[in-house]
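A quick write-up on the structure given underneath.
The values are calculated or read from the model by the stated rules, or taken from the named source; none is laboratory data. All values reported here derive from a predicted model rather than from experimental measurement. Virtual Cβ from ideal backbone geometry, glycine too; neighbours counted across all protein chains shown. For accessibility, only protein heavy atoms count, side chains too; no ligands or nucleic acids. Shrake-Rupley method; radii C 1.70, N 1.55, O 1.52, S 1.80 Å.
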Amino acid sequence: MIESKKARAIGSFVPRIISWNTTFKCNLKCSHCYINAQDKPSSRELTTQEGKDLIDQIAMVSQPILILSGGEPLLREDIFELASYAASKGLRVTMGTNGTLIDDKKAKDLFNVGIKKVAISLDSSTPTIHNTLRGRQDAWQQAVEGIKACIRNGIGVQVNITVTQQNYDDIDNILTVSKGSGVRDFHVFFLVPTGRGKNLSDISPAMYERMVKQILKKYAHSDLVVKPTCAPQFMRIASQMGLETNRWSRGCIAGLSYCRIYPSGEVTPCPYLPISLGNTKHEQFKDIWFSSEVLKKLRDFDNLNGKCHSCSYRQVCGGCRARAYGLSSNYIDVCGGLHKPHALSGDFLAEEPWCLYQPVDKETSTTEGF
């Protein structure tokens, strides 16, 4: 059902997934890290009590999936306390980790505090490339052991793969290696030029398109769940291929049903879009979520610029708002912090720069909630 944007209440947009970067501290030095993680925590990070206050604020709005991320969240001493508290408030708690710190004991601890699924990054089917990207020589082996430990102890694993020039032709092999360990769920991430990722040579738009088509064609009816991520045009491509798209909500969900909490409490539309909407230390999450002018603009698809504005797929795709911002700001270095809405360096409503599709007709229908 398509409704006029004027008839659609702001409250229709409810957070269903929230990613919380719980710490800057990490034991790896990944070349594509969007948060520019370091080898020690920052004094700006939310304290245990502030973290619990954040969880309370989220629970007042909805009961989303809460992804505890980092940095490396397992380096935060109170991470199990925070996970347990979030689960007690009805949030569905998961974790995004590099997997290198997970053994059987740690996996049991994760399970016991209510974490039933983790996402572990694996960027190659062989150690060399993964270790080079992750900045440590034993990173691949430890990640694989972490995957196996989770599965042995009843924790579901989603393997995250970031596509780069180095592993573009290795994706199927990564899936095969992971499948052998019992993994059935994969997210294939496409690079967004933020954090340290701005220094990497991205694959071309044509390579993006080809990769998405290959993934959808090969795995649409597979026993594996393989989803392109940070490539919202996959919804357009799936539709053009005649595939059923009801299993997915929308290509880009930044600010619609998804947001990120920075280690110091700032809320941003997604981890790759470094615009601070407000800080939960000083404002209530519900006020930020429902009152942010940036989020209001994202939720009105008539605001999209360039070919995204006239595209007939804008409601199911929307283009990557983070990539639009990153490229329109000339790969600006955001490692030093977040940008304030009144001093933005790029256009988060710009057309998706990595999409090859050229719209033929102007779309006249308006916003649906997701």
Taking the range 281-314 and keeping only residues that are outside any loop (DSSP other than H, G, I, E, B) and free of Cβ contacts under 8 Å to residues at least 12 places away in the same chain, one is left with Asp287, Ser291
Out of everything in the range 141-173 that is free of Cβ contacts under 8 Å to residues at least 40 places away in the same chain and touching a Ser or Thr at 6+ places or on another chain (Cβ under 6 Å), what residue ends up being surrounded by the most Cβ atoms within 10 Å (Cβ to Cβ)?
Lys148
When only residues in the range 127-140 that are in contact (Cβ under 8 Å) with a residue 40 or more places away in the chain and part of a loop (DSSP other than H, G, I, E, B) count, which is most open to solvent (accessible area, probe 1.4 Å)?
Arg136
Condition first: among the aliphatic types (A, V, I, L, M), modelled with pLDDT of 60 or more and open to solvent by less than 50 Å² (accessible area, probe 1.4 Å). Now tell me which residues in the range 329-370 satisfy that.
Leu338, Leu349, Ala350
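For the range 46-67, which positions are part of a loop (DSSP other than H, G, I, E, B), in contact with a Lys or Arg (Cβ under 9 Å, 6 or more places away or on another chain) and under 16 Å from Ala83 (Cα atoms)?
Going residue by residue through the range 46-67, those that are part of a loop (DSSP other than H, G, I, E, B) are 46-47, 60-64.
Next, only the ones that are in contact with a Lys or Arg (Cβ under 9 Å, 6 or more places away or on another chain) stay: 46, 60-64.
Across the range 46-67, the qualifying residues are Leu46, Gln63, Pro64.
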Somewhere in the range 103-115, is a residue closer than 23 Å to Asn36 by Cα, open to solvent by less than 60 Å² (accessible area, probe 1.4 Å) and of a type outside the set (A, V, I, L, M)?
no
Residues in the range 131-142: is at least one at pLDDT 95 or above and within 23 Å of Ile215 (Cα to Cα)?
no
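Those residues that are free of Cβ contacts under 8 Å to residues at least 60 places away in the same chain and open to solvent by 20 Å² or more (accessible area, probe 1.4 Å), I need them from the range 23-40; list them, please.
Within the range 23-40, Lys25, Gln38, Asp39, Lys40 qualify.
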The range 68-101 - residue that is out of contact with any Phe, Trp or Tyr (no Cβ under 7 Å at 6 or more places or on another chain) and in a strand (DSSP E or B) and, of those, surrounded by the fewest Cβ atoms within 10 Å (Cβ to Cβ):
Arg92
